[in-house]
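No lab work stands behind these numbers, since they all come straight from the coordinates. This one's a predicted model, so the numbers in the text were calculated from it and none came from an experiment. Here the Cβ positions follow ideal geometry from the backbone for every residue, glycine too, while neighbour counts run over all protein chains shown.
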Amino acid sequence: MEKAVKLSSGFVSIIGRPNVGKSTLLNAILGEKLSIISKKPQTTRTRITGILTEPDAQVIFLDTPGIHPAKSMFNKKIVDEALKALEHIDIILYLVEPYIKINKADEAILELLNKSDVTKMLVINKIDTVHREQLLSIVAKYSEKCDFEKVFLVSALKNDGVGELLGEIKKRLPEGSKYYDDDYITDKSERFLTAEIIREKVFNLTQYEVPYSTAVVIESFKEKPGGALAVIEALIIVEKDSQKGIIIGKKGHLLKKIGEDARRDIERLLGLKVFLSLFVKTSKNWTKNERKLKEFGY
Ligand SMILES: Nc1nc2c(ncn2[C@@H]2O[C@H](COP(=O)(O)OP(=O)(O)OP(=O)(O)O)[C@@H](O)[C@H]2O)c(=O)[nH]1
Ligand SMILES: [Mg+2]
């Protein structure tokens, strides 16, 4: 008779300030590009579930928006999304950058962590950017402020220390059954992930307020019979007509580039050839309008 393998399963939230590498870490753990990434802060706007299934464990990771002192209604909503990921979970990974200064956003997060009785682990990311000797004092500084079960030094970008982190997570999850079938890597739809890829290209190719004024809505998503081609129409929504002009660019060049970059990634995601049409539309001040935020997925 085959010996039954003991299975552990549970939920792990990745939280931290904007831009510390939470989404990069999620993708590194999964070995898949699931969550979008940019050099700019506040890229992630909703919780992204990433499911890792191995013979001995199923770990459900939650990538979250960066926690920061938000002022606008939209940013408050985004931060609230992250805070929701502190409940009904087994482990919190608090991700920070390897710099001495602990800023206001971090102080606020540490306060939340200290109020929570969930297992907390400190993950110092981007260690490829500093000398090893500098890390000791950073570990000491954070450990003074909160009782972490364990501290990890990783580079999500270089996939350094990620395997060890995963091993320690698995050890600490309760014994239990799977929440999802083996072939699920996320609970997000292909439509959602497609819209996110387009939004990532806008984030990477535009500047100042433009990326923060952009939402993407999939208008139509059709797989052709035979399953070799998907025909997708998406709307890029901006707040002002001037931003519409920027996204389209001179002679439509920028929109073309956004479309080309996005199509390549969407084809990889879906494993299909993709025919992608992009349209740009102004929806005046949508980030300040509760109904429109909802309509665009926030
Ligand atoms: N050098 C280095 N850069 C990294 C590492 N991890 C992430 N980055 C970079 O940091 C930037 C932000 O990464 P994201 O993964 O988007 O950060 P995030 O925490 O998800 O950001 P928000 O969604 O805005 O909260 C990107 O330019 C990444 O390439 C790392 O280990 N080393
Ligand atoms: Mg992110």
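For the range 190-295, the dipole from Cβ point charges (+1 on Lys and Arg, -1 on Asp and Glu) about the Cα centre works out to 300 debye, to the nearest 20. For the range 70-128, averaging the sequence separation of C-alpha pairs within contact (under 8 Å, six or more residues apart) and dividing by the residue count gives a relative contact order of 44 percent. The dipole here belongs to the chain: it is taken about the Cα centre, uses +1 on the Cβ of Lys and Arg and -1 on the Cβ of Asp and Glu, and is about 1400 debye.
Once the Cα-Cα distance is subtracted from the 0.36 nm per residue extended length, the His88 to His131 segment shows a gain of 11.8 nm.
For the chain, modelled as a GNM whose springs connect Cα atoms under 10 angstrom apart, the maximal fluctuation among Ala156, Ala108, Ala82 occurs at Ala108. Residue separation of Lys145 and Lys224 scaled by 0.36 nm, minus their Cα-Cα distance, works out to 22.9 nm of gained length. Under the criterion of Cα pairs below 8 Å and six or more residues apart, the relative contact order for the range 190-295 equals 29 percent.
Each label was represented as a point 7 Å from its Cα along the Cα-to-Cβ direction; for Lys294 and Glu164 these points are 4.8 nm apart. Other residues lying with their Cβ under 14 Å from the Cβ of Lys284 contribute a combined charge of +3, Lys and Arg counting +1, Asp and Glu -1. Helix 104-115 axis versus longest C-alpha principal axis of the chain: approximately 50°, rounded to the nearest ten. Counting only DSSP beta bridges whose two residues both lie in the range 190-295, roughly 45 percent are antiparallel. Placing unit charges on the Cβ atoms only, positive for Lys and Arg and negative for Asp and Glu, gives the range 8-172 a dipole magnitude near 680 debye about its Cα centre.
Of the residues Tyr142, Ile100, Gln58, the one whose Cα sits farthest towards the positive end of the charge dipole of the range 8-172 is Ile100 (charges of +1 on Lys and Arg Cβ, -1 on Asp and Glu Cβ, taken about the Cα centre).
With R₀ fixed at 51 Å, the C-beta to C-beta distance from Lys6 to Phe279 puts the FRET efficiency at about 0.45. Looking at the range 160-210, the chymotrypsin sites (Phe, Trp or Tyr not before Pro) that sit in a DSSP loop and have at most 13 other Cβ atoms within 10 Å of their own Cβ are Tyr208. Restricting the range 226-298 to trypsin sites (Lys or Arg not before Pro) that sit in a DSSP loop and have at most 13 other Cβ atoms within 10 Å of their own Cβ leaves Lys284. Over 22 Å apart at the Cα level, from the set Lys40/Lys126; Lys39/Lys171; Lys158/Lys257; Lys40/Lys158, are Lys39/Lys171; Lys158/Lys257.
Greater than 19 Å separation of Cα atoms is the criterion. Which listed pairs, Lys84/Lys145; Lys84/Lys120; Lys22/Lys288; Lys76/Lys141; Lys244/Lys284, meet it? Table pairs above 19 Å Cα-Cα are Lys84/Lys145; Lys22/Lys288; Lys76/Lys141.
Compared with the alpha-carbon gap, the fully stretched path from Lys251 to Ser177 is longer by 21.1 nm at 0.36 nm per residue.
The mean sequence separation of alpha-carbon pairs under 8 Å and at least six residues apart, normalised by the residue count of the range 8-172, gives a relative contact order of 25 percent.
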